[in-house]
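S.K.: If you scroll down you'll find the structure; I have some questions about it.
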Amino acid sequence: MSGFFEAKQKYESLGVHVEKALDILSSKAISIHCWQGDDVRGFEQGGSALSGGIQATGNYPGKARNPEELMADFEKAISLIPGKKKINLHASYAVTGTAVVERDRLEPKHFAPWVAFAKKNRIGIDFNPTFFSHPRVKNNLTLSSPDDEVRNYWIRHGIASRRIAAYLAKETGDMVLHNIWIPDGFKDIPADRLGPRLRLKDSLDQIFEEKLEGIIDCVESKVFGIGLESYTVGSNEFYLSYAASHPGVYNLLDNGHYHPTEMVSDKIPSILVFFDKLPLHVTRAVRWDSDHVVLLDDELKEIAKEIVRNGALDKVLIGLDFFDASINRIAAWVIGTRNMQKALLFALLQPAEKMQTMQNEYRFTELLMLNEELKTYPFGAIWDEWCKREGVLQGEAWFKEVEQYEKEILSRRK
Ligand code: RNT
Ligand code: ZN
């Protein structure tokens, strides 16, 4: 006996509909980023050194070195992850064979193998243009560059990427989130803070000009990057204002991209007041935007609660964004994704209405009490049951499979 029935009764005595919670959880897709599998290197000429103010630290052996390896590793990971999944790709993961293809010349055909992969695994795709780790990034500037040649190159990359995203949508029959993040910024105090932002606005306007079917456009802000500590062109105010004034463009929240005491969980309901979609990059920042593997910590639970209790599971597009190169990368995917799902389940098992009533009736003591009591409710038994129903290994049993895979496959990669 797993204790599921007792656990279910306990939640039901609070008015929580457990079966409904499990059904909802099964239908919510989590977009898993391909770039945890190879430390954000991509496939261009065997992979590029990561730049743009982000860093994957560590040197754990066995990272994927080519499309075949990355696809195999990803398949291994998703076989251990319950529920609905998508794969999130970057343009730098184009499959071009031996040909060197400039980023502004990328075409849908370079992603045909990913379409086949998605169809085979019955998952959707999300897509990102790659504005970093490339010689055409001059002085850490792309879409805001004062150099027209540089700026136009990256505008063309953005345009090409949206067309690829539309192709992926058509092929998979699923909406594709197209997310623009650029590294642009300065290490030291800039002489001009407005000019780069005016140029970025103009670049975005050009990129978004073409009307395309099947894609959801979004822009991702940031507070600072490594080596770009003093100024970020695409700041929070910039992109939120851009999205608010450009219907069809949404503002993506990455919870590693704010000051440490600013909480994305509190930003979610603010944005939901004004937007019908809200894309997320869920990550874990340790002292800086370090992109550690997502844990089932208080903020993750709070993020999930804000999605669930506001009835926003269809509006909030959950994507993951972490890259730890110091541990087994398949385990990183499995741990991080399962934690996101655990947080959603934890939220789905809350008597949300009851608690909202307590707030509205000023019963704050009772609310605090219930919040704390819920923390020791038999959540694990419900989670295990869901894993069982989804046909994936429960508890820590999945790790044996990763160890086996490491022994047989990853350890042979040199
Ligand atoms: C960087 C952003 C961005 C990247 C990925 C690889 O700070 O979070 O989303 O992590 O696109
Ligand atoms: Zn991100």
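The values are calculated or read from the model by the stated rules, or taken from the named source; none is laboratory data. All values reported here derive from a predicted model rather than from experimental measurement. Please note: Cβ atoms are built from the backbone with ideal geometry, for glycine as well, and neighbour counts cover all protein chains shown. Note: areas computed on protein heavy atoms with side chains; ligands, DNA, RNA excluded. Shrake-Rupley method; radii C 1.70, N 1.55, O 1.52, S 1.80 Å.
S.K.: State whether one or more residues within region 144-167 are under 25 Å from residue 279 (Cβ atoms), in contact with a Gly (Cβ under 6 Å, 6 or more places away or on another chain) and more than 15 Å from ligand 1 (Cβ to nearest atom).
M.R.: yes
S.K.: I would also like to ask the following. Just checking, how many residues over region 260-290 are within 16 Å of ligand 2 (Cβ to nearest atom) and either assigned to a loop (DSSP other than H, G, I, E, B) or at pLDDT below 95 (or both)?
M.R.: 2
S.K.: Can you confirm whether region 343-363 contains a residue that is open to solvent by less than 10 Å² (accessible area, probe 1.4 Å) and within 16 Å of ligand 2 (Cβ to nearest atom)?
M.R.: no
S.K.: Where in region 17-129 are there strands (runs of 3 or more DSSP E), lying fully within it, with 2 or more residues that are β-branched (Val, Ile, Thr)?
M.R.: Details: elements: 30-33, 85-90, 124-128.
Output list reads 30-33.
S.K.: Taking region 282-340, which residues are within 16 Å of ligand 1 (Cβ to nearest atom), more than 18 Å from residue 88 (Cα to Cα) and β-branched (Val, Ile, Thr)?
M.R.: 286, 303
S.K.: Can I ask one more? Scan region 84-104 and report the pairs whose first residue is touching a residue at least 12 places away in the same chain (Cβ under 8 Å) and whose second residue is of a type in the set (Lys, Arg), with Cβ atoms within less than 7 Å and a gap of 6+ or a chain change.
M.R.: 84/28; 91/103; 104/156
S.K.: Quickly run through region 297-309 and pick out the residues that are in a loop (DSSP other than H, G, I, E, B) and surrounded by fewer than 16 Cβ atoms within 10 Å (Cβ to Cβ).
M.R.: 297
S.K.: If you check every pair at least six apart or on different chains, which have Cβ atoms under 8 Å apart with a residue in region 367-381 that is within 28 Å of residue 395 (Cβ to Cβ) first and a residue that is open to solvent by 100 Å² or more (accessible area, probe 1.4 Å) second?
M.R.: 378/6; 381/6
S.K.: Working only within region 321-331, note down all residues that are crowded, with 24+ Cβ neighbours inside 10 Å and under 15 Å from residue 73 (Cβ atoms).
M.R.: The answer is 323, 329, 330.
S.K.: Pairs only if they're at least six apart or on different chains, beta carbon under 6 angstrom, first in region 49-74 and at positive phi, second of a type in the set (S, T, N, Q); list them, first residue then second.
M.R.: 58/326
S.K.: Additional query: What residue, among those in region 133-187 that are assigned to a loop (DSSP other than H, G, I, E, B) and over 22 Å from residue 94 (Cα atoms), is nearest to the chain's Cα centre (by Cα)? I'd like the intermediate steps shown before the answer.
M.R.: Going residue by residue through region 133-187, those that are assigned to a loop (DSSP other than H, G, I, E, B) are 133-137, 139-140, 142-147, 173-175, 181-184, 187.
Okay, now just the ones that are also over 22 Å from residue 94 (Cα atoms), so 139-140, 144-147, 184, 187.
Details: 139: 27, 140: 23, 144: 24, 145: 27, 146: 30, 147: 31, 184: 20, 187: 26 Å.
Residue satisfying both the conditions and the ranking: 184.
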